[in-house]
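Asker: Please find one structure pasted underneath; my questions will follow.
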Amino acid sequence: MKTDDRALMPDYLRLVALFGIVIVNVQFIAFSALHDFAKPAGETVGDMIVVWLVNGLALLKTYGLFSFMFGVGLGFLMRSAERRDLPFGRIYRNRMIGLALLGFLHGCLFYPGDILVIYAAAGAVLFLFRNWSVSRLVRAGAVLLVLQPVIGLPLLLMPTDTPAEVFRFEEAALAQGGFLDAVAFRTIGFAFTMPLFLLIQGISALGWFCLGLASVRSGMIDNAQHPLWLRARRVCLLPGVILSLTGAAIWQWGTAGWGAAVTVAVAPVATLGYLGLIAAVARPPGPVMSRVLAAGGSSLSIYLGQSIILTAVFSAYGLGLWNEVSRMTATGIAILVTILLIVALTVWRSWFRLGPFEWLLRRITYAGTGAG
C-alpha cells in the first residue's frame, strides 16, 4: 500500500528487521562469541529458553529481511538515478565503497559480526544483475538461498578447537581491558571471521538482494496487497515458524548439529512468511507511528548505533556487564537501546532530513556527481 506515492512496506520491514537483528547480535556482544556454532548456549533454564526463541524466531530470518531491503534499496536507487539523469554506475560504486569503509570501521572498533562489508561485496556482484528480468532475478535468488545451507552448513558445523588462550584473551579484553584492548580483540576476530562470513552469509545476502530487486521491478514492494504477499503469508509463515522453532529446540536440547541444520535450512521459508505478515500490517500509520517509521528509515544509523552503545554497555571500558547478566536481561537491554535510538532519531529528523550515518553515506555515494 502507498501513501502519497510512498511505499509503506519498506518502512515496516526496516523497523522489524532492526529489532530482530539486535536481539541476535546482543547474544554475541554480551557473551562470548567463541563457542562452536552448533554448541547449545545458555547455562540456566531461562537463558536456554531465550536462546531457543532467538534462534527459532530471529536468527537468519531478520538478516534475510535486512538483506531483502538492500535489494529494494538498489531498485529505488536506480529509479532515482534514472529520474535525475545521474550516472548510476558511479553512484553505485561509491555507495559500495562507503558501505565497505563503514563496515570495516564497525567490525574493527565495535562488532566483528558486521554485515556492511558483506553487503558491499555481495552488492558489487548484484550490480552485474541490475538489468535482469524479474523472473531471472527470482530464479537466481531462489537458487542462491537453496545453495547457502548446502555450502554453509558443513563449514558452520565443523568442530573447532579454540585454544584456551583465545578465551582468556577475549575475557581480558572485554571483561577487564580498556577500549584499545577491546579493539585489538575485535580487529583480530574480524580478520579471522570475515572471510568465512563472506562465503556463508554472502551467498544468502545476494539471494535476498535479487528477490528485493525483483520486488521493485515487479511493483510488489509498492503494493502490500499483492497476491504473492498473501500467498507467502499463508504458505510459508506457520510452517516456517514451527519448523524453525522445532529445529532451534533440537539445537538447544537435542542433537545440536541436526537442530542447527534444520534452523538454517528453513530460515528462508520463515523469512518469506515474515514478509507476507509485514505486508499485511503495512497500513497508513497515525501521526506517532509515522514518526517512528521515519526514524526507522535511518536504519544505518540505528544499526551502527546499536553496536556502539551495546559494546559500551557490556565492555569493561563502559558499564562492564559482559557475561554478568542473564540472556533475558541482555536481550531486554538491546530492545531498550533500539527504542531509545528510534526516539533519538525521531527528534533528530525533526531537524535534519537524514540520520547522521545516512548523511555520511549519501555524501560518499554522490561524490563527484554534482548531486547530493
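Asker: Only residues in the stretch 268-283 that are within 17 Å of Leu243 (Cα to Cα) count as the first member; pair them with residues that are modelled with pLDDT of 95 or more and among the hydroxyl-bearing types (Ser, Thr, Tyr), Cβ under 7 angstrom, at least 6 apart or cross-chain, and list the lot.
Answerer: What qualifies is Ala270/Ser244.
Asker: Right, something else. Pull up the stretch 268-280, narrow it to residues that are surrounded by fewer than 24 Cβ atoms within 10 Å (Cβ to Cβ) and touching a Pro at 6+ places or on another chain (Cβ under 9 Å), then point me to the one that is nearest to Met9 (Cα to Cα).
Answerer: If we take residues in the stretch 268-280 being surrounded by fewer than 24 Cβ atoms within 10 Å (Cβ to Cβ) and touching a Pro at 6+ places or on another chain (Cβ under 9 Å), then Gly273 is nearest to Met9 (Cα to Cα).
Asker: Based on what the data block shows, is Val150 within 30 Å of Ala261 (Cα to Cα) and β-branched (Val, Ile, Thr)?
Answerer: Here the answer is yes, as Val150 does meet what is asked.
Asker: Filter the stretch 115-136 down to the residues that are under 21 Å from the mean Cα position of the chain (by Cα) and either in a helix (DSSP H, G or I) or more than 13 Å from Ile203 (Cα to Cα) (or both) and list them by number.
Answerer: Leu116, Val117, Ile118, Tyr119, Ala120, Ala121, Ala122, Gly123, Ala124, Val125, Leu126, Phe127
Asker: Also: Which ones in the stretch 286-303 are out of contact with any Lys or Arg (no Cβ under 9 Å at 6 or more places or on another chain), surrounded by fewer than 24 Cβ atoms within 10 Å (Cβ to Cβ) and not polar (S, T, N, Q)?
Answerer: Of everything in the stretch 286-303, those that are out of contact with any Lys or Arg (no Cβ under 9 Å at 6 or more places or on another chain), surrounded by fewer than 24 Cβ atoms within 10 Å (Cβ to Cβ) and not polar (S, T, N, Q) turn out to be Gly286, Pro287, Val288, Met289, Val292, Leu300.
Asker: Among the residues of the stretch 124-148 satisfying the criterion of being in contact with a Pro (Cβ under 9 Å, 6 or more places away or on another chain) and surrounded by 15 or more Cβ atoms within 10 Å (Cβ to Cβ), which is modelled with the highest pLDDT?
Answerer: The qualifying residue modelled with the highest pLDDT is Leu145.
Asker: Something else now. Could you tell me how many of the residues in the stretch 161-171 are surrounded by 11 or more Cβ atoms within 10 Å (Cβ to Cβ) and not in a helix (DSSP H, G or I)?
Answerer: Qualifying residue count, the stretch 161-171: 1.
Asker: Is the stretch 327-345 home to any residue that is within 21 Å of Leu34 (Cα to Cα), touching a helix residue (DSSP H, G or I) at 6+ places or on another chain (Cβ under 9 Å) and of a type in the set (S, T, N, Q)?
Answerer: Yes; the residues of the stretch 327-345 include at least one that is within 21 Å of Leu34 (Cα to Cα), touching a helix residue (DSSP H, G or I) at 6+ places or on another chain (Cβ under 9 Å) and of a type in the set (S, T, N, Q).
Asker: Now, a different point. Looking only at the stretch 25-37, how many residues end up being surrounded by fewer than 21 Cβ atoms within 10 Å (Cβ to Cβ) and in contact with a Leu (Cβ under 6 Å, 6 or more places away or on another chain)?
Answerer: Final tally of qualifying residues: 1.
Asker: Residue under question is Arg283, and the condition is that it be surrounded by fewer than 17 Cβ atoms within 10 Å (Cβ to Cβ), modelled with pLDDT under 90 and either of a type in the set (Lys, Arg) or touching a Lys or Arg at 6+ places or on another chain (Cβ under 7 Å) (or both); does it hold?
Answerer: For Arg283, the condition - surrounded by fewer than 17 Cβ atoms within 10 Å (Cβ to Cβ), modelled with pLDDT under 90 and either of a type in the set (Lys, Arg) or touching a Lys or Arg at 6+ places or on another chain (Cβ under 7 Å) (or both) - is met.
The values are calculated or read from the model by the stated rules, or taken from the named source; none is laboratory data. Just so we're clear, the structure is a prediction, and the values are computed from it rather than from any experiment. Here the Cβ is made from the backbone with ideal geometry for all residues, glycine too, and neighbour counts use every protein chain on show.
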